[in-house]
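To start, the structure itself, in structure tokens.
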Amino acid sequence: MKKKKVLITDRFATESAMWLDRQPHLEIVRADSPSILPLEHLVSCQAMLIRSRTPIDEKLLKKARQLQVIITATSGFDHIDLDACTKWGITVMHTPSANIESASQLTWALVLAVANRLRESRSLMESGEWLRDKVIGLELSGRTYGIVGLGRIGSRVAKLAQAFGMNVMAYDPYLADSTFDAVNVQRQGFEELLKNSDVVSFHVPKTAETERMLTRQQLSRLSRPLILVNTSRGSVIEENDLIEALQKGWLRGAGLDVFAQEPLETSSELLKLPQVVATPHVGANTEEAFFKASQLAAQKMVSFFLDGSTSDTLPPRVPWYGATPLKAD
């Protein structure tokens, strides 16, 4: 059997790449950079293993005429033109389960950092001030945690919130009531959740529906200042409105791993506000998540060429992707 050429365009776990190298029916080649793909490999490859730094558009697909399958070792997939892939008959898969623990862990790291005002405490110490009364934190036990998007990561975050003794509610119009009951989470409407929560975190994909989901319209009507955390996609929140909300005290603080434009400009007001803890989109950047995503992607690749099997295909066959929200049970 003629070997299938697999082009790896981005970071990939060494162990997983070595495992692929040992597959007798595959030829593995690497690109030096996700932004510079060698034409000689692009035109002759049957498969691509990518991450989010490799954009897939129709211009690229017109060159890769032998391409049969693309696997992105990521949960998100907004770097891929799925309509173009469907048009050209290319199978696309992703690895949505690989970063559940890592993204949930970072979400809670940001919650705790904001609740305990760690950035402000560090700044005081660096300036030589030992003024403990300037950084009064917040106990989370007994308070209310609101989750926007009760999927894989949202459900895990809910369990962590419950472990902290918090009451948990969630907004997700695509899930039946039985799903909320299974994780002991109260169902709420979006604006209702914002008004009743002390902490709110977002765990939604980038879609037309979630674009600018949170704006001044909701932020100006909060019943009390809350902690806001976003580890999903930056476009979910209108950043100028978020800055205004922080400056006016509508929010207690914010923990942000994602931004509308990445990398975030160093001149951004978000980096100047002391109640903001910001990280550079590192939700999936743990040793374990990186390996799991790489290995899952490698296994999907091998299975595809051995027997044609697929899993976690894109576009996702789920209610929120181009469908009407489910009605409650």
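The values are calculated or read from the model by the stated rules, or taken from the named source; none is laboratory data. This structure is a prediction, so every number in the text was calculated from the model and none was measured. Note that each Cβ is placed from the backbone with ideal geometry, even for glycine, and that neighbours are counted across all protein chains shown. Note: accessible area is taken over every heavy atom of the protein model, side chains too, but ligands, DNA and RNA are not part of it. Shrake-Rupley method; radii C 1.70, N 1.55, O 1.52, S 1.80 Å.
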For K300: the one exception among (1) touching a His at 6+ places or on another chain (Cβ under 7 Å); (2) surrounded by 16 or more Cβ atoms within 10 Å (Cβ to Cβ): (1)
Inter-residue pairs, beta-carbon under 7 Å, first open to solvent by less than 60 Å² (accessible area, probe 1.4 Å) and in segment 109-120, second in a helix (DSSP H, G or I), 6+ apart: A113/R119
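Would you call A278 crowded, with 21+ Cβ neighbours inside 10 Å and out of contact with any Phe, Trp or Tyr (no Cβ under 6 Å at 6 or more places or on another chain)?
Numbers: crowded, with 21+ Cβ neighbours inside 10 Å: no; out of contact with any Phe, Trp or Tyr (no Cβ under 6 Å at 6 or more places or on another chain): yes.
Spelling it out, it is not the case that A278 is crowded, with 21+ Cβ neighbours inside 10 Å and out of contact with any Phe, Trp or Tyr (no Cβ under 6 Å at 6 or more places or on another chain).
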Some residue of segment 129-140 being buried (at least 19 other Cβ atoms within 10 Å of the Cβ) and not acidic (D, E): yes
Count of segment 107-144 residues which are under 27 Å from the mean Cα position of the chain (by Cα) and of a type outside the set (D, E): 18
Criterion (out of contact with any Ser or Thr (no Cβ under 6 Å at 6 or more places or on another chain) and within 26 Å of K292 (Cβ to Cβ)) met by exactly one of I50, I28: I28
Selected residue (only one of D257, D241 is among the charged types (D, E, K, R) and more than 17 Å from the chain's Cα centre (by Cα)): D241
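Mind telling me which of the residues F304, F259 ends up being in contact with a strand residue (DSSP E or B) (Cβ under 6 Å, 6 or more places away or on another chain) and of a type outside the set (D, E, K, R)? Walk me through how you get there before you give the answer.
Details: F259 fails: in contact with a strand residue (DSSP E or B) (Cβ under 6 Å, 6 or more places away or on another chain).
Answer to the selection: F304.
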Residues within segment 150-183 that are closer than 19 Å to N230 by Cα, among the aliphatic types (A, V, I, L, M) and open to solvent by 20 Å² or more (accessible area, probe 1.4 Å), tallied: 2
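Only one residue in G146, G165 is modelled with pLDDT of 95 or more, within 26 Å of V236 (Cβ to Cβ) and not basic (K, R). Which one?
G146
Tell me, which strands (runs of 3 or more DSSP E) lie completely within segment 1-95 with 2 or more residues that are open to solvent by 10 Å² or more (accessible area, probe 1.4 Å)?
Because the criterion is at least 2 residues that are open to solvent by 10 Å² or more (accessible area, probe 1.4 Å), the strands (runs of 3 or more DSSP E) in segment 1-95 that meet it are 4-8, 26-30, 91-94.
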Search result, residues across segment 167-183 that are part of a loop (DSSP other than H, G, I, E, B) and β-branched (V, I, T): V183
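Yes/no matrix, rows are residues, columns are (1) under 24 Å from Q46 (Cα atoms); (2) among the basic types (K, R); (3) at pLDDT 95 or above; (4) outside any helix (DSSP H, G or I):
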{"residue": "Q299", "(1), (2), (3), (4)": "yes, no, yes, no"}
{"residue": "F305", "(1), (2), (3), (4)": "yes, no, yes, no"}
{"residue": "S309", "(1), (2), (3), (4)": "yes, no, yes, yes"}
{"residue": "P325", "(1), (2), (3), (4)": "no, no, no, yes"}
